[in-house]
Amino acid sequence: MWPTAGVAWTKPSDLIKLRDCEDPRMAAYLDSLWLGLLQTEQIFEAEEPLRQAASRESHDPTILSHLGDLLRQAGKDNLAEAQWQKSVR
């Protein structure tokens with residue numbers, strides 16, 4: 001269950017305190033942003049920040065796994081499987 005269940009968010013960045021983030025281009029921020037976009041059912045908008053996070057932290061299994069999850073939800077099963085495979089290497 002989402003820790004934010006039942007909360008109406010107006011924008012994904014509501015989930016993330018920008019003032020607490022030194023650099024919004026950080027992979028950790030971008031990885032968190034995709035969760036906010038997903039929470040607000042903006043699946044296709046979530047792909048770009050998550051791809052940016054994966055390119056900045058190309059060996060981070062959590063980010064790669066999240067990208068696989070997102071791609072699966074977007075119906076890109078082959079691409080999703082490739083990201084999941086990378087995440088376990």
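Taken together, the values in this text are just the output of simple stated rules run on the coordinates, not laboratory data. Being a predicted model, the structure only gives us computed values, none of them experimental. All Cβ positions, even for glycine, are placed from backbone atoms using ideal geometry, and neighbour counts span all protein chains on display.
Below, the figures for the structure above:
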quantity	calculated
Conditions (1) of a type outside the set (V, I, T); (2) in contact (Cβ under 8 Å) with a residue 24 or more places away in the chain; (3) part of a loop (DSSP other than H, G, I, E, B); number of the one not met by E41	(2)
Leading residue by the ranking (nearest to A46 (Cα to Cα)) among those in segment 59-89 that are among the small types (G, A, S) and part of a helix (DSSP H, G or I)	G68
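Residues checked against (1) farther than 17 Å from A28 by Cα; (2) out of contact with any strand residue (DSSP E or B) (no Cβ under 7 Å at 6 or more places or on another chain); (3) crowded, with 17+ Cβ neighbours inside 10 Å:
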| position | (1), (2), (3) |
| --- | --- |
| F44 | yes, yes, no |
| E48 | no, yes, no |
| A53 | no, yes, yes |
| E57 | no, yes, yes |
| T62 | no, yes, no |
| L79 | yes, yes, no |
| Q83 | yes, yes, yes |
